[in-house]
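Here is the structure we will look at, set down as structure tokens.
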Amino acid sequence: MSSRNNNIAEGVDWMIVWLYGILVMIGILCIFMVEYKTGTGWLSSFVGGKTDYSKQLIFAGFSALIAVFILLTDSKLFTALANLLYAFGILLMLATFVLGKSINGSKSWIPIGGGFNLQPAELCKIFTALALAKFLSRQETDFSKVKSQLLAGVIAITPAVISTMQHELGLALVYSAFLIAMYREGLPAQILIFVSSFAFLVIATLVVEPNTLALALTAIAGIILYLLRKQARRSKTLLVLIIGAWLFCVGTQRFVVPYIFNNVMECYQSTRIYSMVGKEYDCSKNKKSERKAGEKAARKPDDYNVRQSKIAIGSGGLTGKGFLKGTQTRGKYVPAQHSDFIFTSLGEAFGFAGCLSFLGIYLLLLFRIVRMAERQRSTFSRVYAYSVVGILFFHIAVNISMTIGLFPIVGITLPMVSYGGSSLLTFTVLIFILLRLDADRQMVLR
């Protein structure tokens, strides 16, 4: 530890600390509203350690200790250990295949005793942010070159691939948030356009009849060729590029997308994505849903979770039903309401006005971090800050979209609010490492 860091308050952005604390308290309050049983001594149930809200309070206390430790740490330690921590995180994720405990069909948890479990994929978000910042801040890294862009992509994609193998599609998608940091450091806009276009093509494949979409893509290619016919005559490369793009799009919609939904994804995952665009998925096409000897047929998933979530949020109206007066959330109608669907308890109790104020806290936090990122002298600190912004924004946007039916259910937690020690610890470490780096922003870290 550095002697000049003994004063924990020096240089720390306390606005972010306060926003973090408010969100953690809101989370405990929401879990309390969902789980508290009338007639039970609330104080004794809080300190008993048997309820989810009391466990979350313990998680918050432990996270606070970790936060203090981080603020007392020398910033150079994070640059020195970045690559080592990343390697450790990848090994820890791989260890779940041997030591892992299966929860809700995902073998991505490692039991650590006392009824608590660790999810390495959560912690690996921190290590990936540090490793990416370390790589992009090296003097020899020229991010304008394709090689550097590919290496940065590999750093972000590797834990995502392992998460997919663990059947944690939601956590795997989170790693796409690192595109924000890479774009800030010079990733060509064409790549983001390509990713967005591919996503649009996948959605179109689900919505439009295959032959109709293929004809539409062919017509678009024909129109482009007609408009660029003079340039195409002079440049064979342009002609090959247009034809290649057409073949790629048609091949993707006819073969790649159906293969992924029928052979790679589980039936329930495909069903949720199809239901998001108002379509029904035929589980008989899914290879993973085929019955094995002696097993019962799997029940086709439905949109029960989302429907109940919408009812709960909608029942809150403009100002909500009030504290501990929610009928849907307290009646246990919404599944996973203390974790993935925690936003429903807030919406039912405090209504649209409460949700708007709550989202305002998140918005202020994100803007504050972006402002912090832009005042950094060090590329390492700036990349890390934008990685934190990307992760937070992705979690917030996807979780809330999930609860109101705008995104399929992928198991994404609401930062600092959803129940869970791994999630709260991850966001605590992410934010307080950033605060430590910002406190030393006059230093140039590599």
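For the reader, a short list of remarks on this structure follows.
- Only one entry in Glu280, Glu266, Glu209 is acidic (Asp, Glu) and under 21 Å from the mean Cα position of the chain (by Cα), namely Glu266.
- Of all residues in region 235-255, exactly one satisfies the criterion of being free of Cβ contacts under 8 Å to residues at least 12 places away in the same chain and either of a type in the set (D, E, K, R) or touching a Phe, Trp or Tyr at 6+ places or on another chain (Cβ under 9 Å) (or both), namely Lys236.
- Any hit, region 134-154, residues being surrounded by fewer than 20 Cβ atoms within 10 Å (Cβ to Cβ), part of a helix (DSSP H, G or I), in contact (Cβ under 8 Å) with a residue 12 or more places away in the chain and within 16 Å of the chain's Cα centre (by Cα): no
- Exactly one residue out of Leu414, Leu437, Leu392, Leu445 is outside any loop (DSSP other than H, G, I, E, B) and touching a residue at least 60 places away in the same chain (Cβ under 8 Å), and it is Leu437.
- Residue in region 291-306 that is modelled with pLDDT under 85, surrounded by 20 or more Cβ atoms within 10 Å (Cβ to Cβ), farther than 24 Å from Phe394 by Cβ and polar (S, T, N, Q) present: no
- Identity of the residue in region 344-356, out of contact with any helix residue (DSSP H, G or I) (no Cβ under 8 Å at 6 or more places or on another chain) and of a type in the set (Gly, Ala, Ser), that ends up surrounded by the most Cβ atoms within 10 Å (Cβ to Cβ): Gly351
- Unique match (being more than 30 Å from Tyr274 (Cα to Cα) and in a loop (DSSP other than H, G, I, E, B)) among Arg368, Arg382, Arg377: Arg377
- Number of the exception - Phe367 against (1) of a type outside the set (Lys, Arg); (2) free of Cβ contacts under 8 Å to residues at least 24 places away in the same chain; (3) closer than 19 Å to Gly21 by Cα; (4) touching a helix residue (DSSP H, G or I) at 6+ places or on another chain (Cβ under 9 Å): (4)
- Within this structure, Gly390 fails the test of being among the small types (Gly, Ala, Ser), more than 20 Å from the chain's Cα centre (by Cα) and either under 30 Å from Phe135 (Cβ atoms) or buried (at least 20 other Cβ atoms within 10 Å of the Cβ) (or both).
- Filter pass, Leu346 being at pLDDT below 90, under 26 Å from Thr38 (Cβ atoms) and outside any helix (DSSP H, G or I): no
Quick grid of which residues meet (1) modelled with pLDDT under 90; (2) out of contact with any Leu (no Cβ under 6 Å at 6 or more places or on another chain); (3) assigned to a helix (DSSP H, G or I); (4) acidic (Asp, Glu):
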{"site": "Ile8", "(1), (2), (3), (4)": "yes, no, no, no"}
{"site": "Met15", "(1), (2), (3), (4)": "no, yes, yes, no"}
{"site": "Met25", "(1), (2), (3), (4)": "no, yes, yes, no"}
{"site": "Val34", "(1), (2), (3), (4)": "yes, yes, yes, no"}
{"site": "Ser54", "(1), (2), (3), (4)": "yes, yes, yes, no"}
{"site": "Ile70", "(1), (2), (3), (4)": "no, yes, yes, no"}
{"site": "Tyr86", "(1), (2), (3), (4)": "no, yes, yes, no"}
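- Inside region 311-343, residues that are buried (at least 23 other Cβ atoms within 10 Å of the Cβ), free of Cβ contacts under 8 Å to residues at least 40 places away in the same chain and assigned to a loop (DSSP other than H, G, I, E, B) make up a count of 2.
The values are calculated or read from the model by the stated rules, or taken from the named source; none is laboratory data. From a predicted model like this one, the values you see are computed outputs, not experimental measurements. Cβ atoms come from the backbone with ideal geometry, glycine included; neighbour counts cover every protein chain shown.
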